Structure formats: structure tokens, C-alpha cells
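No lab work stands behind these numbers, since they all come straight from the coordinates. Computed from a predicted model, the values in this text were never measured in an experiment. Neighbour counts are summed over all protein chains in view; Cβ atoms, including those assigned to glycine, are modelled from backbone coordinates with ideal geometry.
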């Protein structure tokens with residue numbers, strides 16, 4: 001059973017790596033650019049896996065996932081990242097793609113947005129809501145204090161990954177001059193909770 005489970009997870013991981021390699025190759029213009037971008041995405045994948053291994057592959061805390069992917073962009077300014085939300089545990093199958101989405105958001109912020117200047121910061125909030133008898137995980141990424149931004153003229157793999165990398169997720173990106181706001185809403189089916197366990201702290 002353990003060997004079968006390991007084989008399943010390795011196959012899934014290799015499929016993700018293969019897809020990343022092909023998509024990255026199609027959207028980079030030099031060999032060095034490919035190496036830099038692909039290496040960053042592999043590191044993002046590795047960070048998610050490390051958290052899952054530490055948790056014995058039972059799932060990982062969403063806030064811990066966020067911090068592991070964004071700490072490299074903060075330098076000596078931890079105040080550049082503000083987090084707020086209820087404790088939420090992501091299943092292994094969901095934590096991996098969510099980690100890649102966080103990596104792409106942070107990379108874009110470092111190139112063009114709030115993390116590209118010393119005065120910029122990111123406010124990340126998340127809630128569990130109920131709508132039409134369905135539970136929704138709502139995550140809002142908001143950039144403040146960065147340079148003026150505008151919508152990209154073309155959509156690369158990173159943008160596609162943000163918008164389509166999470167199964168069952170509705171994504172809205174707003175490129176306001178004062179900063180990007182990205183809202184992700186994931187419907188959690190009652191019978192499976194879509195691989196996410198909501199662990200709220202009761203008073």
C-alpha cells in the first residue's frame with residue numbers, strides 16, 4: 001500500500017514538473033531566462049512538499065504555506081507582509097498547486113508590483129464563508145505602496161497558472177493603478193470539502 005501511494009505521488013509530481021517545463025519553455029526567450037524561471041518554480045514545488053513531509057503528508061496550514069513561499073521576498077522587512085485569516089488546513093493535493101499560485105503572485109510582485117520597491121507591501125486575507133449552502137474559501141491578495149500597475153498585454157504561463165492552476169477556483173485579478181488585487185474563491189463541496197479542512201478555533 002505504501003509503495004502504491006508513493007508511486008502515485010511521484011507520478012503526480014513528475015507530471016506537474018513536465019507540464020511546468022513545457023509551459024516555461026514556451027514562454028521564455030533565452031536559455032538563461034528558462035533556467036531562472038523554471039528553477040524558481042521547482043523551488044516553489046519543493047517548499048510545498050517540505051511542509052507536507054513535515055506534516056506526514058496529512059495536509060499543511062495555509063498560513064505556513066504562505067510564509068514559506070513569501071519569506072524570501074521580505075528581506076529585513078517582515079512588516080511588508082500582513083496576514084489575517086482563520087486556521088485552514090490544505091490537503092496535499094491542494095497545497096501543491098496553491099503553493100505554485102503563491103509563487104507566481106510573489107514573483108510578479110517582485111518584478112512589477114509591491115515587492116519591487118522598499119515601500120511596498122502585500123496584505124493577504126482569507127475567510128471561510130457560506131453561499132447557497134456551499135462553503136467557500138475566499139483569499140484576497142492586495143498589493144499596496146508599489147509602482148503604478150496596468151494589465152499585461154499578453155498572458156504568459158504565470159498568469160494562466162494563477163487563473164487556472166487551482167481546480168474549482170474562480171479568480172479575479174484587478175490591475176488598479178495603486179496596485180494589484182487578486183481574489184480567489186474556491187467552492188468546497190460538502191462531501192469532500194475539495195481537499196480542504198477548515199479548522200476554526202472555537203472561543
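Between residue 33 and residue 133, how many nm apart are label points set 7 Å from Cα along the C-beta direction?
5.1
What's the ranking of 173-179, 94-100, 60-66, 119-125 by average number of surrounding C-beta atoms within 10 Å, highest first?
By packing density, highest mean first, the sequence is 94-100, 60-66, 119-125, 173-179.
Working out 0.36 nm times the residue gap between residue 64 and residue 181, then minus their Cα-Cα distance, what length gain in nm do you get to one decimal?
40.0 nm
Need one number: nm distance between label points at residue 174 and residue 160, each 7 Å from Cα along Cα→Cβ, rounded to one decimal.
Between residue 174 and residue 160, the label points sit 2.7 nm apart.
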